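What follows is a short report on a single structure.
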Amino acid sequence: MKATKLVKMTAAAAMAITMTACSSGSASGSSSAAPAEPKTGVNSTYAYLLDTSDLEFPELDLSNAEGVLASVLEKGVLTIATSPDYPCREFIDASDNTLYGSEMMMAKYIADALGVDLAVEQMDFNATLAAVDTGKVDLAMSGYGWKKDREENYELSIGYVGDPNAESGHTLLIRAEDIDKYNSLEDFAGTHIIAQANSLQEMYATDQIVALDPENTVLEPVTSLADAIMSINADKCDAVSMDKTTAKQYAAQSEGTLISMAEAKGVQYDTSMYGNHEGNIAAAKKGETDLIETVNEIIQFVEDHGWYQEWYKIAEEQAGVGTDE
C-alpha cells in the first residue's frame with residue numbers, strides 16, 4: 001500500500017487558503033479559473049489536506065451524471081458543509097487557525113476522484129443539513145451517525161470507520177469534582193444536560209435520561225460543542241452529552257477539570273435499540289441518488305484500501321490526542 005501524504009503548508013499560506021475557500025460561494029470557484037480546467041489534486045484549494053498524487057482512484061462512469069452531481073462536474077467544484085468542532089473528524093487547529101480532520105481528507109479525496117476542486121462552508125452543526133436542503137452545498141460531512149429521521153429526509157452514504165479497533169460509544173462529560181455524584185445514566189435524571197442540537201447524543205439523552213424524569217430534567221440544545229464546553233466549565237450545566245472519543249479528547253485537553261463518564265465509570269448510552277449503523281456518513285439532498293451512489297463508490301474504494309484509517313490516525317496526531325493517550 002502506498003503511504004498517504006499529508007502536505008503541511010506554512011501557517012500563512014494555509015490561512016490564506018482557508019480564508020479564500022470560506023469566502024467563496026457554495027459551488028462557485030475562483031472567477032479566474034476556467035470551468036474546463038478545475039483546480040484539483042495538488043493544485044486544489046485544499047491541497048494541504050491530502051496529497052492524492054500517489055493514490056489510485058476508482059473507475060467512475062460520469063457520462064450520464066444527473067442532478068447535483070452533473071452540476072458539480074459542470075462547475076468544477078464540490079462544496080461541502082461542516083461544523084469543525086468534532087476532533088479528529090473536523091476541527092480547527094488553534095496553532096494556525098486552519099481546517100483539518102479525517103473527514104476533510106475524505107472530502108478532498110472525493111473531490112479529486114471526481115476531478116473537481118473542493119470548497120468547504122463552515123457553519124453551526126444545526127445548519128449543515130439545512131445547507132444541503134437549500135442547495136447552498138452539495139454534500140454535508142460533519143461527524144454524522146445514522147438516525148432514522150436522517151435516513152428519511154436525506155440520501156445517506158455508506159459508513160466509514162476511523163479506528164475499527166476502538167470501542168465506539170456515547171457518554172457524558174462532567175466536571176471532575178462531581179465524579180462521586182454519578183454512577184449510571186439514571187443518576188443524571190433531574191440534572192441539566194447540554195447536547196449539540198439535532199445530534200445523536202441529543203437523541204440518546206432524550207430517550208435514556210430525560211424520559212426517566214421529564215419534569216425535572218433539562219436538556220439544552222446548543223449550536224456547537226465549543227458552547228457546551230464553555231457552559232460546563234462555567235458551571236452552567238451538569239453534563240454534556242457527546243461521542244465517547246470526543247469526550248475523552250475534551251477531558252484530556254482540560255488538564256484534569258473535566259472527565260468522561262465512560263472512562264471513569266464505564267457509563268455510556270445503550271445504542272443497541274437503534275440498530276447497527278457503523279461509522280460516520282455523508283449526507284446529500286433527498287432524491288440525489290446519482291450523487292450519493294457515486295460518493296458511495298468512492299468511499300468504498302477508500303475503505304477497501306484502508307486509507308481512511310490512515311487519515312484518521314494522521315488527524316488524531318494533528319488534533320493532539322490519540323487513542324492510546
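Yes or no, residue by residue, for (1) out of contact with any Lys or Arg (no Cβ under 8 Å at 6 or more places or on another chain); (2) of a type in the set (A, V, I, L, M, F, W, C):
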{"position": "P164", "(1), (2)": "yes, no"}
{"position": "S168", "(1), (2)": "no, no"}
{"position": "T171", "(1), (2)": "no, no"}
{"position": "D178", "(1), (2)": "yes, no"}
{"position": "L185", "(1), (2)": "yes, yes"}
{"position": "T191", "(1), (2)": "yes, no"}
{"position": "N198", "(1), (2)": "yes, no"}
{"position": "T206", "(1), (2)": "yes, no"}
{"position": "A211", "(1), (2)": "yes, yes"}
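Given the structure, is A264 more than 17 Å from the chain's Cα centre (by Cα), modelled with pLDDT under 95 and either part of a helix (DSSP H, G or I) or polar (S, T, N, Q) (or both)?
So A264 does not fit the description; no.
Of the residues making up the range 125-136, those that are assigned to a loop (DSSP other than H, G, I, E, B) and either among the basic types (K, R) or crowded, with 20+ Cβ neighbours inside 10 Å (or both) number 1. Can you say whether I299 is free of Cβ contacts under 8 Å to residues at least 60 places away in the same chain, assigned to a helix (DSSP H, G or I) and out of contact with any Asp or Glu (no Cβ under 8 Å at 6 or more places or on another chain), as far as the supplied structure shows? Against the criterion (free of Cβ contacts under 8 Å to residues at least 60 places away in the same chain, assigned to a helix (DSSP H, G or I) and out of contact with any Asp or Glu (no Cβ under 8 Å at 6 or more places or on another chain)), I299 does not qualify.
Note on the range 160-186: residues that are surrounded by 17 or more Cβ atoms within 10 Å (Cβ to Cβ) and at pLDDT 90 or above total 9. Checked against the criterion of being at pLDDT 95 or above, farther than 28 Å from K136 by Cβ, not small (G, A, S) and not in a helix (DSSP H, G or I), the range 272-287 has no qualifying residue.
For the range 262-295, what are the residues that are surrounded by fewer than 16 Cβ atoms within 10 Å (Cβ to Cβ) and more than 30 Å from D178 (Cα to Cα)? G275, N276, E278, K286, G287, T289, E293 - these are the residues of the range 262-295 that are surrounded by fewer than 16 Cβ atoms within 10 Å (Cβ to Cβ) and more than 30 Å from D178 (Cα to Cα). Restricted to the range 187-208, and to residues there that are at pLDDT 95 or above and small (G, A, S), the residue that is nearest to the chain's Cα centre (by Cα) is A195.
Just give me the residues in the range 240-254 being outside any helix (DSSP H, G or I) and hydrophobic (A, V, I, L, M, F, W, C), in sequence order. Break it down into steps so the answer makes sense when it comes.
Narrowing the range 240-254 to residues outside any helix (DSSP H, G or I): 240-243, 254.
If the condition is that a residue be outside any helix (DSSP H, G or I) and hydrophobic (A, V, I, L, M, F, W, C), then V240, M242 are the ones that fit.
When the residues of the range 214-225 are filtered to those that are assigned to a loop (DSSP other than H, G, I, E, B) and modelled with pLDDT of 95 or more, the one that is nearest to the chain's Cα centre (by Cα) is T217. For the criterion of being of a type outside the set (S, T, N, Q), assigned to a helix (DSSP H, G or I), at pLDDT 90 or above and in contact with a strand residue (DSSP E or B) (Cβ under 7 Å, 6 or more places away or on another chain), A211 fails. Would you mind finding the one in A226, A283 that is within 19 Å of E202 (Cβ to Cβ), outside the structural domain of D178 (by TED's automatic domain parsing) and not hydroxyl-bearing (S, T, Y)? On inspection, the qualifying residue turns out to be A283. Going through the range 296-318 one residue at a time, which ones are buried (at least 20 other Cβ atoms within 10 Å of the Cβ) and of a type in the set (F, W, Y)? Once the filter is applied, which keeps residues that are buried (at least 20 other Cβ atoms within 10 Å of the Cβ) and of a type in the set (F, W, Y), the range 296-318 yields W307, Y308, W311, Y312.
The values are calculated or read from the model by the stated rules, or taken from the named source; none is laboratory data. All figures in this text were calculated on a predicted structure; none of them were measured in a lab. Cβ coordinates were reconstructed from backbone atoms using ideal geometry, including for glycine residues, and neighbour counts include every protein chain displayed.
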